[in-house]
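Quick notes on the structure that follows.
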Amino acid sequence: MRLERPSLKWKSEHIAYLKEWDEAKVNPSSFRLKKDFPYEDYLEELKEEEAGKNNRVPNSNYFLIDENNRILGAVTIRHFLSDYLRNVDGHIGAGIRPSERRKGYATFLLSEALKITDQLGIRSVLVTCNEDNIGSAAVIIKNGGVEDESFTEPHGNVVRRFWIER
Ligand SMILES: CC(C)(COP(=O)(O)OP(=O)(O)OC[C@H]1O[C@@H](n2cnc3c(N)ncnc32)[C@H](O)[C@@H]1OP(=O)(O)O)[C@@H](O)C(=O)NCCC(=O)NCCS
C-alpha cells in the first residue's frame, strides 16, 4: 500500500471509489466531485485550495492505493490549525471506502499521515472525531492519541479531540 497525490491518472478509480459513498458523507470532503464538473478543473481547484485559497489552511491530499492500483481511502493533512480546526477538524481527516473497512487500513493510513506531519515539523498532531464515531476513535487511539477536552459545536454535535505527540 502507498500514498499518492490526486492526478489525472486516478480519474476513473476516483469516480469508482465515490460510487460506494453516500455523496454527502464523503470524508475528507476534498475528495468530493461535483456533478458534470471536469476532472481537470477539480484537480486545479484542489491545487488552489491546497495552497490556501477559499479560506483553507494550506493542506496536502493523498489517496491510499493498494497493490492492484485500487483506491482504498483518502486523507487530508492540514499544515497548521486555525481556531476552527483546533476545535473541530484537527490536522488530519481520513476515510476508507465502505467495502474495505474493518481491515486495518485506516490505522495504516493514519500512521502514514503521521510521517507526513513529521516532515512538516508538526510535533503535536490533533486528530478529532464525532462522539458517535467509535471506529475513528479506535484508529486514533491505536496511533497513540491521548484524549483532550471535547468540543460542542453550536448545533450540538460533540467532537472528541485527541493529541498525538511525536
Ligand atoms: C472510521 C473509519 C476511517 C475506520 O476505518 P477502518 O479502515 O475500518 O478502520 P480500521 O480497520 O483501521 O479499524 C481500527 C480499529 O477500529 C475498530 N473499528 C473500525 N470501525 C469500527 C466500527 N464501525 N465500530 C467499532 N469498531 C470499529 C476496528 O475493530 C479496529 O480495532 P481492532 O483492530 O482492535 O479490531 C471508516 O469507518 C470510515 O472511513 N468512516 C467514514 C469516514 C469517517 O468517519 N472518517 C473519520 C472522520 S474523523
### Query
Looking at the stretch 94-123, which of its residues are away from the ligand (no atom under 11 Å from the Cβ) and surrounded by 12 or more Cβ atoms within 10 Å (Cβ to Cβ)?
Glu112, Ala113, Leu114, Ile116, Thr117, Asp118, Leu120, Ile122
### Task
Evaluate the stretch 125-135: report whether one residue or more is at pLDDT 95 or above, in a loop (DSSP other than H, G, I, E, B), near the ligand (Cβ under 7 Å from one of its atoms) and within 18 Å of Phe31 (Cα to Cα).
no
### Message
So in the stretch 57-80, with the set limited to residues that are touching a Ser or Thr at 6+ places or on another chain (Cβ under 9 Å) and not in a strand (DSSP E or B), which one is nearest to Lys103 (Cα to Cα)?
### Response
His79
### Message
I'd like to verify a number: residues in the stretch 136-157 that are in a helix (DSSP H, G or I), open to solvent by 80 Å² or more (accessible area, probe 1.4 Å) and in contact with a helix residue (DSSP H, G or I) (Cβ under 9 Å, 6 or more places away or on another chain), how many?
### Response
1
### Query
In the list Val57, Val75, which residue meets the criterion of being of a type in the set (Val, Ile, Thr), within 16 Å of the ligand (Cβ to nearest atom) and touching a helix residue (DSSP H, G or I) at 6+ places or on another chain (Cβ under 9 Å)?
Val75
### Task
Among the residues of the stretch 26-52, count how many are open to solvent by 40 Å² or more (accessible area, probe 1.4 Å) and over 21 Å from Ile116 (Cα atoms).
11
### Query
Which numbered condition trips up Asn27, out of (1) in contact with a Ser or Thr (Cβ under 6 Å, 6 or more places away or on another chain); (2) over 22 Å from Glu165 (Cβ atoms)?
(1)
### Task
Among residues belonging to the stretch 136-147 that are more than 6 Å from the ligand (Cβ to nearest atom) and either among the small types (Gly, Ala, Ser) or in contact (Cβ under 8 Å) with a residue 40 or more places away in the chain (or both), point out the one that is nearest to His91 (Cα to Cα).
Gly145
#### Entry: Test result for Val88, open to solvent by less than 40 Å² (accessible area, probe 1.4 Å), assigned to a helix (DSSP H, G or I) and within 11 Å of the ligand (Cβ to nearest atom)
yes
### Query
In the stretch 1-28, which residues are touching a residue at least 60 places away in the same chain (Cβ under 8 Å) and within 18 Å of Cys129 (Cβ to Cβ)?
Trp21, Val26, Asn27, Pro28
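The values are calculated or read from the model by the stated rules, or taken from the named source; none is laboratory data. Quantities reported herein were computed from a predicted structural model and do not represent experimental measurements. All Cβ positions, even for glycine, are placed from backbone atoms using ideal geometry, and neighbour counts span all protein chains on display. Please note that ligands, DNA and RNA were not included when accessible areas were found on the heavy atoms of the full protein model with its side chains. Shrake-Rupley method; radii C 1.70, N 1.55, O 1.52, S 1.80 Å.
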